[in-house]
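I have placed the structure first, in the form of structure tokens, so that the comments after it can refer back to it.
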Amino acid sequence: MKPYQQVSRSAKLFLHLFFVAFSLACIMPIVLIVSISISDEKMLTLKGYKFWPDVIDLSAYRFLFTDSSTLLKAYGVTLTVTCIGTLLAVLLIAMYAYPIFRKDFPFKKAFNIYLLITMLFSGGLVPFYLLYINYLELRDSLIALILPGLSSAFYIFITRTFFQQTIPEEMIESGKLDGASEWRIFFQLVLPISLPVLATIGLFTTLMYWNDWFNSLLFINDTDKFSLQYVMIQMIRQAEFFKNQLAGSGVALLVQETVPTESLRMAMVVVSIGPILFVYPFFQKYFTKGLTIGAIKG
């Protein structure tokens with residue numbers, strides 16, 4: 001493959017245009033979402049979606065922040081659950097994958113079979129609910145929002161495969177010869193080399209926790225402990241309920257103006273997507289750094 005400096009001028013122009021077009025294809029949907037969120041609901045019904053609104057209207061945001069205290073509490077719950085859950089999940093996944101990657105682990109086969117069974121079969125929703133409510137007694141507890149996402153058999157298999165392909169046995173043997181314990185080998189030798197896979201799993205786990213609303217529906221009755229996504233789902237359901245109940249009546253037009261639905265959906269996306277956008281650059285840094293950190297020179 002030719003170095004970039006040796007590529008012809010026309011090829012460089014093509015590459016630049018391609019990446020500009022690709023970047024616009026990624027950015028324009030976000031621009032459209034923001035535009036819809038500040039558009040007038042009547043103009044959306046008449047003229048459809050536009051990248052620049054005909055009439056700027058912030059009714060969706062006013063409706064969304066009618067009860068700002070509830071929204072802020074939901075933000076706090078989701079941030080807490082996402083941060084704690086992601087850190088614990090990545091650590092537990094790596095700690096399970098490490099021993100089953102080691103050839104000298106005597107129970108390697110049994111742990112792999114157990115992991116495969118949990119990946120293929122599930123106890124179902126009713127036993128899952130009864131376990132958390134009746135036996136663990138986690139109703140209205142943030143632990144009930146964290147615990148279900150702490151382990152994934154699929155992610156464990158991915159991490160184990162990464163260990164097998166990346167971590168040489170000579171490194172572990174040299175650590176043992178230097179007197180390092182298994183914990184020290186794991187935290188100081190294995191994890192620094194494994195940053196790419198850990199960052200990838202951490203990103204997917206972060207998105208899973210951030211977008212979760214189902215566990216709040218199952219286990220949380222205390223409104224102060226609702227997740228952000230569940231609170232927003234309730235808001236959009238309330239708006240749709242008002243419109244459906246008053247459809248055809250003399251105040252239907254007034255309700256359409258004061259309780260927007262289309263712009264409200266997009267405003268919810270804007271409000272909820274903001275913090276998660278900052279996660280991508282953070283993990284991207286570790287994608288690049290993890291490729292070279294801890295490399296073995298031979």
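The values are calculated or read from the model by the stated rules, or taken from the named source; none is laboratory data. Not measured: the values here are computed from a predicted model. Because the Cβ atoms are built from the backbone with ideal geometry, glycine has one as well, and the counts that use them run over all protein chains shown. All accessible areas refer to the heavy atoms of the entire protein, side chains included, with ligands and DNA or RNA removed. Shrake-Rupley method; radii C 1.70, N 1.55, O 1.52, S 1.80 Å.
Key figures
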read-out	value
Subset of segment 220-237 (residues that are more than 20 Å from the chain's Cα centre (by Cα) and touching a residue at least 12 places away in the same chain (Cβ under 8 Å))	ILE220, ASN221, ASP222, THR223, ASP224, MET235, ILE236
Segment 115-155, residues that are assigned to a helix (DSSP H, G or I), among the hydrophobic types (A, V, I, L, M, F, W, C) and open to solvent by 30 Å² or more (accessible area, probe 1.4 Å)	LEU116, ILE117, MET119, LEU120, LEU125, VAL126, PHE128, LEU130, LEU131, ILE143, LEU147, PHE154
Residue that is modelled with pLDDT under 90 and open to solvent by less than 30 Å² (accessible area, probe 1.4 Å), where the choices are PHE186, PHE107	PHE186
Matching option when the condition is part of a helix (DSSP H, G or I) and open to solvent by less than 30 Å² (accessible area, probe 1.4 Å), among ILE93, ILE84	ILE93
Sole exception among (1) more than 25 Å from TYR114 (Cα to Cα); (2) free of Cβ contacts under 8 Å to residues at least 12 places away in the same chain; (3) among the hydroxyl-bearing types (Ser, Thr, Tyr) for THR161, by number	(1)
Qualifying residues in segment 229-255 (those that are aliphatic (A, V, I, L, M) and farther than 19 Å from VAL77 by Cβ) - the one modelled with the highest pLDDT	ALA239
Hey, LEU15 aliphatic (A, V, I, L, M), open to solvent by 60 Å² or more (accessible area, probe 1.4 Å), assigned to a helix (DSSP H, G or I) and under 30 Å from GLU240 (Cα atoms) or not	no
Qualifying residues in segment 31-52 (those that are crowded, with 18+ Cβ neighbours inside 10 Å and within 30 Å of THR223 (Cβ to Cβ)) - the one modelled with the lowest pLDDT	GLU41
Flag if ALA110 is under 30 Å from ILE276 (Cα atoms), in a helix (DSSP H, G or I) and of a type in the set (Gly, Ala, Ser)	no
Qualifying positions in segment 204-227 - open to solvent by less than 20 Å² (accessible area, probe 1.4 Å) and among the aliphatic types (A, V, I, L, M)	ILE220
Scope segment 65-101; condition under 22 Å from the mean Cα position of the chain (by Cα) and among the charged types (D, E, K, R); matching residues	LYS73
Looking only at segment 53-80, and only at residues there that are crowded, with 16+ Cβ neighbours inside 10 Å and charged (D, E, K, R), the one that is farthest from GLN234 (Cα to Cα)	ASP57
Segment 28-41 residues that are in a helix (DSSP H, G or I), paired with ones that are of a type in the set (Lys, Arg) (beta carbon under 7 Å, 6 or more apart)	SER35/LYS50
Subset tally (residues that are open to solvent by less than 20 Å² (accessible area, probe 1.4 Å) and either modelled with pLDDT of 75 or more or part of a helix (DSSP H, G or I) (or both)) for segment 256-270	3
